Amino acid sequence: MKAYILSIVGVILLTAVITIIAPHGKMEKFLKGTAKLVVLSALIAPIAGFLTEKAPSLSAAEIGTDTAYLEYCAECYADADERAIKKFLEEEYSVAAEVVVTRNADATFSYEKITVRMENEGISGQDGNINISEEIKSVLEARYGCNTEVI
């Protein structure tokens, strides 16, 4: 229906421009008559289409999900989260880490999992590493609300 209305508007505007530009006299009358016929034919074109078909049918359009776009958006959000978590770990805990964030590729882009692989804990000794790992895990789980693994 939208295409039909746009085509009628387009034909009317085109004929209006032609009649404005056309020279006066007999040519003007001819062009105006021709423009009226073109507009009339554009108006009745759907009726001719209905008569030639068996019966007009209006089918519901199926709306699909663009999964590739959703996956792309989830990756973009995950990349931004990875940079933010790296910065947070460096500022708060003086820890250099490799961070992998996985988000769901749906309309919510919710967090699926966060994996933190610590490269430089900044603390010497085994006990300090365990405590900082557990603290980072609990902070990230509370902040992002998903399963977090700290290695």
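The values are calculated or read from the model by the stated rules, or taken from the named source; none is laboratory data. If you're wondering where the values come from, they're calculated on a predicted model, not measured in any experiment. All Cβ positions, even for glycine, are placed from backbone atoms using ideal geometry, and neighbour counts span all protein chains on display. In case anyone asks, the SASA skips ligands and DNA or RNA and just uses the protein heavy atoms, side chains included. Shrake-Rupley method; radii C 1.70, N 1.55, O 1.52, S 1.80 Å.
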- region 76-124 - residue that is out of contact with any Gly (no Cβ under 9 Å at 6 or more places or on another chain), assigned to a loop (DSSP other than H, G, I, E, B) and among the hydrophobic types (A, V, I, L, M, F, W, C) and, of those, surrounded by the fewest Cβ atoms within 10 Å (Cβ to Cβ): Ala107
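If a residue must be in a helix (DSSP H, G or I) and either touching a residue at least 60 places away in the same chain (Cβ under 8 Å) or among the aliphatic types (A, V, I, L, M) (or both), how many such residues does region 1-18 contain? Break it down into steps so the answer makes sense when it comes.
The first filter runs over region 1-18 and keeps only residues in a helix (DSSP H, G or I), leaving 2-18.
Among the residues that remain, those that are also either touching a residue at least 60 places away in the same chain (Cβ under 8 Å) or among the aliphatic types (A, V, I, L, M) (or both) are: 3, 5-6, 8-9, 11-14, 16-18.
So the answer is 12.
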- Just give me the residues in region 19-40 being aliphatic (A, V, I, L, M), open to solvent by less than 80 Å² (accessible area, probe 1.4 Å) and either touching a Gly at 6+ places or on another chain (Cβ under 8 Å) or part of a helix (DSSP H, G or I) (or both), in sequence order. Leu31, Ala35, Val38, Val39
- Item | Flag if Leu51 is of a type in the set (A, V, I, L, M), surrounded by 10 or more Cβ atoms within 10 Å (Cβ to Cβ) and either at pLDDT 85 or above or farther than 30 Å from Thr102 by Cβ (or both) | no
- Task: Just give me the residues in region 1-18 being surrounded by 10 or more Cβ atoms within 10 Å (Cβ to Cβ), within 29 Å of Ala60 (Cβ to Cβ) and among the β-branched types (Val, Ile, Thr), in sequence order.
- Result: Ile8, Val9
